[in-house]
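A quick write-up on the structure given underneath.
The values are calculated or read from the model by the stated rules, or taken from the named source; none is laboratory data. Note that the coordinates shown come from a computational prediction; the quantities given were computed from them, not determined experimentally. Cβ atoms come from the backbone with ideal geometry, glycine included; neighbour counts cover every protein chain shown. Surface accessibility is based on the protein's heavy atoms, side chains included, excluding ligands, DNA and RNA. Shrake-Rupley method; radii C 1.70, N 1.55, O 1.52, S 1.80 Å.
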Amino acid sequence: ETARDAEEQAWANGADTRAAVSVRAERDSKLRATDWMANSDVTMSDAWRTYRAALRDIPAQAGFPNSITWPSEPS
């Protein structure tokens, strides 16, 4: 039973790491979806630049990885 308790504790201790991996994967997906706008032959609007910067800054948010405020995609 002690070994099982240790396994459960190790799993619980890794929750933030798993959450961070998941959040970064979603963030990376959103960035990839807009990468074409960063091509040299495309003029990216300030709104899109701000959005992409906010996505890159998600890991720096105070609640990361459990409380994320996702930026709104410009229209």
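Given the criterion under 28 Å from SER75 (Cα atoms), open to solvent by 50 Å² or more (accessible area, probe 1.4 Å), modelled with pLDDT of 95 or more and of a type in the set (A, V, I, L, M), identify the matching residue among ALA38, ALA60, ALA53.
ALA60
Working only within the range 8-21, note down all residues that are within 14 Å of the chain's Cα centre (by Cα) and either among the hydrophobic types (A, V, I, L, M, F, W, C) or surrounded by fewer than 12 Cβ atoms within 10 Å (Cβ to Cβ) (or both).
If the condition is that a residue be within 14 Å of the chain's Cα centre (by Cα) and either among the hydrophobic types (A, V, I, L, M, F, W, C) or surrounded by fewer than 12 Cβ atoms within 10 Å (Cβ to Cβ) (or both), then THR17, ARG18, ALA19, ALA20, VAL21 are the ones that fit.
If I go through the range 8-32 residue by residue, how many of them are at pLDDT 85 or above and farther than 17 Å from ASP57 by Cα?
Summing the residues that are at pLDDT 85 or above and farther than 17 Å from ASP57 by Cα in the range 8-32 gives 5.
Check whether at least one residue in the range 64-75 is part of a helix (DSSP H, G or I) and either among the β-branched types (Val, Ile, Thr) or modelled with pLDDT of 95 or more (or both), and report yes or no.
For the range 64-75, residues part of a helix (DSSP H, G or I) and either among the β-branched types (Val, Ile, Thr) or modelled with pLDDT of 95 or more (or both): absent.
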